[in-house]
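Only one structure is covered here, and it is reproduced in the block below.
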Amino acid sequence: MADTGYNWAAWAAMQESASDWTAEVLADNATDTGGALDIDGQAAVEVSIAAAEDDTGAIDGVCTVYVLGDCDGTNYEEPGQGNPYSFTFAPVQNDTVYIRFALSGADYSKFKIAILNECGQELAVTVKYRFATIPVAS
């Protein structure tokens, strides 16, 4: 039987401010936005987020993750404006919270990730991704 299932590539760091988005400090009441990720020709992409709090103080809020779609090849949706796909998570004091989600290549051809921190403490944030392809049946 032909291999027609998802084949997942290795994890890679998303780009943020021209460098890998790994253990980047995200201040309270701040937003970081990663670089554009082009998934044209991919079946799906899996995104993972690690948010670490170093026991500086109590957590009193949440973080919001936004998936900002490419609207016309130049402009992207904006965090908190319009209706970009978004969800929240609650960081944990002196611990790392891991979040993962997948997006279909049928839903996005290009997107950015933005994270708004309103948890009351700064976080060390890492964002990674990996592509999935589906081989042509033979």
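Computed from the coordinates by the stated procedures, all read-outs in this text should not be read as laboratory data. Treat the numbers as computed from the prediction; the structure is a model and nothing was measured. Note: ideal-geometry Cβ built from the backbone for every residue, glycine included; neighbour counts use all protein chains shown.
How far is the Cα center of segment 87-138 from the Cα center of segment 1-28, in Å?
Centre-to-centre (Cα) distance: 8 Å.
Over 17 Å, how big is the tail of the calculated P(r) for segment 46-138, in percent of all Cα pairs? Display every interim value, and only then the final one.
Details: 2373 of 4278 pairs.
More than 17 Å apart: 55 percent of the Cα pairs in segment 46-138.
How are the C-alpha pair distances of segment 9-55 spread across 10 Å bins, as whole percents from the shortest bin up?
With a bin width of 10 Å, the distribution comes to 19, 51, 24, 6, 0.
Running Debye on segment 5-99 with equal point scatterers at the Cα sites and no solvent, what base-10 log of I(q)/I(0) appears at q = 0.13, 0.23, 0.26 Å⁻¹?
-0.55, -1.46, -1.61
Give the value in nm², to one decimal: projected area of the alpha carbon convex hull of segment 51-93, averaged over all directions. Can you show the working numbers first?
Working: hull surface 15.6 nm².
So the Cα hull casts an average projection of 3.9 nm².
Which order, highest average first, do 78-90, 45-57, 105-117 follow once you tally other Cβ atoms within 10 Å for each residue and take the mean per peptide? Provide the component values of the computation, followed by the final result.
Values: 78-90: 13.0, 45-57: 16.9, 105-117: 18.5.
Ranking the peptides 78-90, 45-57, 105-117 by packing returns 105-117, 45-57, 78-90.
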